[in-house]
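The structure appears right after this line, and notes come after that.
The values are calculated or read from the model by the stated rules, or taken from the named source; none is laboratory data. Since the model is a prediction, treat every value here as computed from it, not as a measurement. Ideal geometry is used to build each Cβ from the backbone, glycine not excepted, and the neighbour counts take in all protein chains shown. Accessible surface areas use protein heavy atoms only, side chains included; no ligands, DNA or RNA. Shrake-Rupley method; radii C 1.70, N 1.55, O 1.52, S 1.80 Å.
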Amino acid sequence: MKEKILVTGGTGFIGSHTVVELQNSGYDVIIVDNLSNSRADVVDNIEKITGIRPAFEHLDCLDYAGLDAVFAKYGDIKAIIHFAASKAVGESVEKPLLYYRNNLVSLINLLELMPKHQVKGIVFSSSCTVYGQPDILPVTEDAPIKKAESPYGNTKQINEEIICDTVKSGSPIQAILLRYFNPIGAHPTALIGEMPNGVPMNLIPFLTQTAIGIREKLSVFGDDYNTPDGSCIRDYINVVDLAKAHVVAIDRILQDKQAEQVEVFNIGTGRGLSVLELIHAFEESTGVKLNYQIVGRRAGDIEQVWANPDKANNVLGWKAETSIEDTLRSAWKWQQKLREDGIQ
Ligand code: UD1
C-alpha cells in the first residue's frame, strides 16, 4: 500500500513541485491549502504531469477541527510536509500579528494533532534567513542563529524552536527542518511554477516579468556591497531539486534512518551568485536582453549568503543537480506559459 503524506500548502510554489516528486516516488498525497496565494487549478496541472490526481482539501491550517477531520477522513497519514505559511518579508513588517498567528498557530495545530493520529514525522519548510548575515561562508547548519530581520524570518526561527521544544517534551514525533536558500525556476513542463500576487518582491519573478515586458525595468538593489561586483550574493536552488530533498527527507523519517529526533539540513547548491551574475546568466541562457538599472540598497537585505550543503549531500544523500542555465530557462518558459494562458 502506498504511504500517505499530508502536504500543507501543496498548491503553492514549492509545495506543488514537491507533490509531483512525492507522487513520482510512489507516495499517496493529500493536499491541504487555503488557496490564499495559489489557485485550485494547480491540482489539475499536477495531475497532467504525474497522471495522478492528489486529494485536495480546501482548508486553512488555523482550523484545528478541520485538520482533525482531515486526519480522520484519510486515516493512516504517515507524515506531514508543512509549507503553508505567509512568506512576504515586507508584508510581515506591516502585519506582524497576521504572520505570527498564521505561521505559528498552523504549526502548533499540526504538532498537537500528530500524536493523536499516529503521524510519525514532519518536514518543516525553514529558511537560510535564520542565519542572518553569517560570519563564516559557506554557512553550515551549526552557525549561530542571528536575530531575525523581519517577523517573517522570526516565525521561521520560532517554529524551529517550537518543534525542538515539542520533541524535548517527550512528543514521539520525528522532525526534519530543511533550511532552503533561494528557490527559483519551474517544472520543465511549465505546467507549475511560481505565481506571485501583484508586483513581485523576489528577484526571479520580477526579472522574468521585465523580460516579457510587464515591468519596464529591473532594479538591482545596490552595487556597493563588499562583494566582487558589488551586488548581493545568494545561493539559487532549483525548485525541482529542492522538491526532491523533501522526498528524501520523508524516506528518511519513514525508514527510521534519522540519527536524532530533530535533524537540520541546508538545502542549497553550495555556489553563490551575485545579482549581476544572475542577470547575465539569464541573458546568456535565454538570449533575452534585460533592461535593468542599479538603484540603492533594499532595507533588510543580507550582503551575501550561500550554503555549505555537505550535510545534505553526505547524510541525507541529496544533491542539487540542475544547472543555473537550465533553471533560468525553466523560469523563462514558465513566464511565457503564463503569458500564453493570459494570466501574467
Ligand atoms: C527573501 C528572504 C527569504 C525568503 C525569500 C522568499 C530574507 C533575508 N530573505 O530572500 O527568507 O525565503 O525572500 O520570500 O528575509 N533583488 C534585486 N531586485 C529585485 C528583487 C531582488 O536586486 O527586484 C535582489 C535582492 O537585493 C537580493 C536578491 O535579489 O540580493 C534576492 O532577493 P529575493 O529574491 O527577494 O530573495 P531574498 O531577499 O534573498
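Summary table
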{"quantity": "Relative contact order of the stretch 201-344, defined on C-alpha pairs under 8 angstrom at six or more residues apart (%)", "calculated": "36 percent"}
{"quantity": "Anchor residue 2: aspartates and glutamates whose Cα lies under 18 Å away (excluding residues fewer than 8 positions away in-chain)", "calculated": "21, 28, 47, 76, 251, 256"}
{"quantity": "Cα-Cα separations in the chain greater than 33 Å, expressed as whole percent", "calculated": "23 percent"}
{"quantity": "Extension reserve of the residue 199-residue 101 stretch, reckoned as 0.36 nm per residue once the Cα distance is removed", "calculated": "32.8 nm"}
{"quantity": "Extreme residue, positive dipole direction of the chain, given options 38, 71, 104 (C-beta unit charges)", "calculated": "71"}
{"quantity": "Listed residue pairs exceeding 29 Å between alpha carbons, taken from 48/73; 95/257; 73/120; 95/146; 120/319; 48/95", "calculated": "95/257; 48/95"}
{"quantity": "The chain: angle of helix 239-254 to the longest principal axis, Cα-based, in degrees nearest 10", "calculated": "20 degrees"}
{"quantity": "Cα shape, the stretch 92-194, gyration tensor, a/c 1.5 rule", "calculated": "rounded"}
{"quantity": "Heavy atoms of residue 39 accessible to a 1.4 Å probe, total area in Å² rounded to 10", "calculated": "90 Å²"}
{"quantity": "Given charges at beta-carbon only (K, R positive; D, E negative), |dipole| of the stretch 127-252 in Debye", "calculated": "280 debye"}
{"quantity": "Aspartates and glutamates whose Cα lies under 15 Å from that of residue 337, excluding same-chain neighbours fewer than 8 positions away", "calculated": "41, 194"}
{"quantity": "Cut-off of 10 Å, at most 12 other beta carbons, DSSP loop: longest stretch of the chain lacking such GluC sites (Glu not before Pro)", "calculated": "1-215"}
{"quantity": "Residues residue 315 and residue 291, FRET efficiency given R0 of 41 Å [Cβ-Cβ distance, rounded to 0.05]", "calculated": "0.40"}
{"quantity": "Dimensionless Rg/Rh of the stretch 248-344 - Kirkwood Rh, Rg from C-alpha atoms", "calculated": "1.08"}
{"quantity": "Solvent-accessible surface (1.4 angstrom probe) belonging to residue 108, in square angstrom, nearest 10", "calculated": "70 Å²"}
{"quantity": "Directionally averaged projected area (convex hull, Cα atoms, the stretch 162-209), nm²", "calculated": "5.7 nm²"}
{"quantity": "Long-range HN-HN contacts of residue 263 with modeled amide H, under 5 Å", "calculated": "175, 176, 177"}
{"quantity": "Given charges at Cβ of Lys, Arg, Asp, Glu: the stretch 235-333 dipole, positive-most of 302, 287, 248", "calculated": "287"}
{"quantity": "Helix axis angle, 64-74 relative to the chain longest principal axis, alpha carbon, degrees", "calculated": "70 degrees"}
{"quantity": "Residues whose placed amide H lies under 5 Å from that of residue 117, excluding near-sequence neighbours", "calculated": "none"}
{"quantity": "In sequence order, calculated HN-Hα J values of the stretch 13-26 (Karplus, 6.51, -1.76, 1.60; Hz; x Gly/Pro)", "calculated": "4, 6, x, 5, 5, 6, 4, 4, 5, 5, 5, 4, 8, x"}
{"quantity": "Expected 222 nm ellipticity per residue - DSSP helices of 4 or more, -39500 (n - 2.57), all of the chain, to 500", "calculated": "-11500 deg cm²/dmol"}
{"quantity": "Table column - 3J(HN,Hα) (Hz), the stretch 261-268, Karplus curve with 6.51, -1.76, 1.60, x for Gly and Pro", "calculated": "5, 10, 10, 10, 9, 6, 10, x"}
{"quantity": "Compactness relative to 2.2 N^0.38 Å, alpha carbon Rg of the stretch 1-154", "calculated": "1.10"}
{"quantity": "Accessible surface of the stretch 164-258 [probe 1.4 Å, protein heavy atoms]: carbon and sulfur percent", "calculated": "49 percent"}
{"quantity": "Area accessible to solvent at residue 229, 1.4 Å probe radius, in Å²", "calculated": "60 Å²"}
{"quantity": "Protein accessible area in the stretch 260-344, 1.4 Å probe - carbon and sulfur %", "calculated": "44 percent"}
{"quantity": "For residue 127, residues with placed amide H under 5 Å, excluding near neighbours", "calculated": "180"}
{"quantity": "Counting DSSP beta bridges with both ends in the chain, the antiparallel % (nearest 5)", "calculated": "5 percent"}
{"quantity": "Simple Cβ-charge dipole of the chain, Lys/Arg +1 and Asp/Glu -1, about Cα centre, in debye nearest 20", "calculated": "340 debye"}
{"quantity": "Cβ charges +1 (Lys, Arg) and -1 (Asp, Glu), total dipole of the stretch 37-126, debye", "calculated": "220 debye"}
{"quantity": "Per residue accessible area of the chain, 1.4 Å probe, in Å²", "calculated": "43 Å²"}
{"quantity": "Karplus (6.51, -1.76, 1.60) ³J(HN,Hα), θ = phi - 60°, over the stretch 270-285, in Hz, Gly and Pro reported as x", "calculated": "x, 10, x, 10, 7, 4, 5, 4, 5, 4, 5, 5, 5, 4, 5, 7"}
